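Only one structure is covered here, and it is reproduced in the block below.
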Amino acid sequence: MGFRRKHRFERQKNIRALFLFELLCKAAFTMVFYPLCKAAFRLLLRVTGYSYLTLENLPRFVRHPATVTVLFAVLLAGSLFYLVEAVSLIVFYQGYVKEKKIGVIQILFPGISRTGELLRKRKRGRILLFSLLNALVTLSPMLFVFAIQFKVPAYIARTVASEAYGGIFILLFVILCLLVNFFGVHSLYYCVLGEYDFTEGFKKSAKVVWRYRFRYIFSLVGQNLLLALFYAVLYVGVLILVCYLIYCTKSEQVLMAAMLTAYDEVMIYMGVFITVTAQIVNYAVLARMFSKYGMKGEIVNSLPNRIEKIQEQIVYEDAVRQMEYTAQEKIQKKLSSRYTKLTAAAVAAVVLVNAYEVADAFRNGSLTDRETLFGTYITAHRGSSGTAPENTLVALRQAIDDMADFAEIDVQETKDGVVILMHDASLRRTAGRRARVGDVTYAQILDMEAGSWFSPRFAGTRIPTLEEALKLCKGKINLNIELKVSKSATVNEDLIQKVLALIDRYDMEDQCMISCTDQGMLAKVKQQNANIKTGYILSFAYGMFYQVDYIDFFSMKSSFVNESTVRTLHSLGKEVHAWTVNSRAETERMKLLGVDNIITDHPLLVREVVYEEHVRIGFFKLLGIIGQ
């Protein structure tokens, strides 16, 4: 009985080591591979001459030689990364089947070592191609989530499907991936655990699978159907919990926005969870079947012991440290172990590579940022001006609560040069004073209030400075800062310098963009800071108004936006922002046209329309049931 308990305890430790290994693999992918791909993408934009990538110029971007080169390198790196993980899992399960004690280091280093040996053999291209096809199938739950959440994968699929025989090509490719993975399920096992090259390993795998095809189909399909049932129950349970938490913690006003945001997050995390757990379970099934059907004949006799030697060496070094050193000396000696040092170096590399990315994201608010290709942004016009007095801190807080992606604000200078938030040149409408902003000092502005005109409950609301707005919004919401044009060129120049200085002081370059009705002012903005995003505001235009290098987006009255305009601007790498969209019908039209940013007084309404296609009706029914 004691032996059985010990054996069960060791198995549990092995499973914990396996989950920790998978966690480290996914963390390494997220913290290293993803940031490197993102940096490569930004570099490609500069090399190919595009300021911003849109669906219209995507085909030309993809066909560019630099893009093809980088894409090949990314696929190669991804295939290699996945191959190391797959080989390591095979190493783990081989030891697990033999009932050996295995730690994380005993999974990782033999896996890396054996992968290196495989790639030194001939036909390494085939094994990397198989690894890529295997990754596409294994990671399909996560890839599917990204495909339905973001516009790019859906756009590519629609584009290919719309071509002659495009749908047939996609179907044949999916069938090919499934067949290659099905008949080659043990090919890596033969390569890793035997002295076979990939072609020989694939042939042996196909032979075994065909011989026991019904057992393999029953085991793999049955196992994954059970997993699918478990995931379905878990998915419903998570949604119920999320709905309940949202209902208990959020006000009725922002309920819909919170639900839509939560649904996207649930889908992404569920995709990652399904991918990780399904990969572990399926490799366990395959390891059991390989030991039962595949390890027959010469494979047993030619099984190399290099993997076991590496694992035994790790165990031996650990045992020596346990016997020979005191507690303090153990810690010091443990750090000097070659395997531990390599592990520490790998972890340090992961942290260092991603440290700047994470710190920068928290500092400048880019964690709230999404690529334009991944969806339509929503901008709260002058803050959430439909429910709070415009251009005030109250309106900005409401925009944050409404989960808008951007808040649009208007800025101009007082007589003594303080940059404040105000749309009109006159203070009469919002502050009740017969005076122009440029004719009063900031001290006089402090004596005014700008809330009672909107509603008595906002009485006493002050006119804020741009600096106060930046402090409030940093890391919480992006800003579209509109420069109000003055008759004085000197005042305009001074406003540009002060706005850019404040953005730089608060390190919010990635969180802010600047718009204006004067192209000359935008040109000066670009001259002083080429990295800041600039937008030209217009209510009507005719002719070649869009061929200007220093303008990144065009902010247009929504009634002026049409399919031809959107298509033309997107082909030039320019974004289209539509204002001021306050009705469901107009929001639907903007969404169909594919504008990049919808500016509205009511961000909650727009979010509901823009994102409702991603959320199944059952999610809303759940909330209704909980609320009853």
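All of the numbers you see were taken from the coordinates with simple rules; none came from a lab. None of these values were measured; they are calculated from a predicted model. Note that we place each Cβ from the backbone using ideal geometry, even for glycine, and neighbour counts take in every protein chain shown.
Each of the peptides 398-408, 126-136, 188-198, 174-184 was scored by the mean count of other Cβ atoms within 10 Å over its residues; in descending order, highest first, they stand as 398-408, 188-198, 126-136, 174-184.
Applied to region 197-209, the Karplus parametrisation 6.51 cos²θ - 1.76 cosθ + 1.60 on θ = phi - 60° returns per-residue 3J(HN,Hα) values of 7, 5, 4, 5, x, 5, 5, 5, 4, 4, 5, 5, 5 Hz, with x for Gly and Pro.
Computed from phi, the 3J(HN,Hα) profile of region 501-515 under the Karplus parametrisation 6.51, -1.76, 1.60 (θ = phi - 60°) reads 5, 5, 4, 5, 4, 8, 6, 10, 4, 7, 9, 10, 9, 10, 10 Hz, with x in place of Gly and Pro.
Computed from the C-beta positions of Asp549 and Ala73 and an R0 of 41 Å, the FRET efficiency is 0.90 to the nearest 0.05. Estimated at 0.36 nm per residue, the fully extended path between Tyr235 and Ser452 surpasses their Cα-Cα distance by 73.4 nm. Taking amide hydrogens as placed 1.01 Å from N in the peptide plane, the amide H of Ala435 sits under 5 Å from those of Leu427, Arg428, each at least 5 positions away in sequence or on another chain. Amide H to amide H distances under 5 Å link Glu575 with Phe553, Phe554, where only residues 5 or more positions off or on other chains count and H is placed in the peptide plane. Report note on the peptides 376-383, 413-420: ranked by the mean count of other C-beta atoms within 10 Å, highest first, their order is 376-383, 413-420.
Taken along the Cα-to-beta-carbon direction at a fixed 7 Å, the label points for Leu538 and Arg63 span 2.8 nm. Each peptide in 225-233, 432-440 gets a packing score, the mean of other Cβ atoms within 10 Å over its residues, and the list from highest to lowest is 432-440, 225-233.
Under the rule of at least 5 residues apart or a separate chain, name every residue whose amide H is placed under 5 Å from the amide H of Ala450. Placed amide hydrogens put Gly460, Thr461, Arg462, Ile463 under 5 Å from Ala450.
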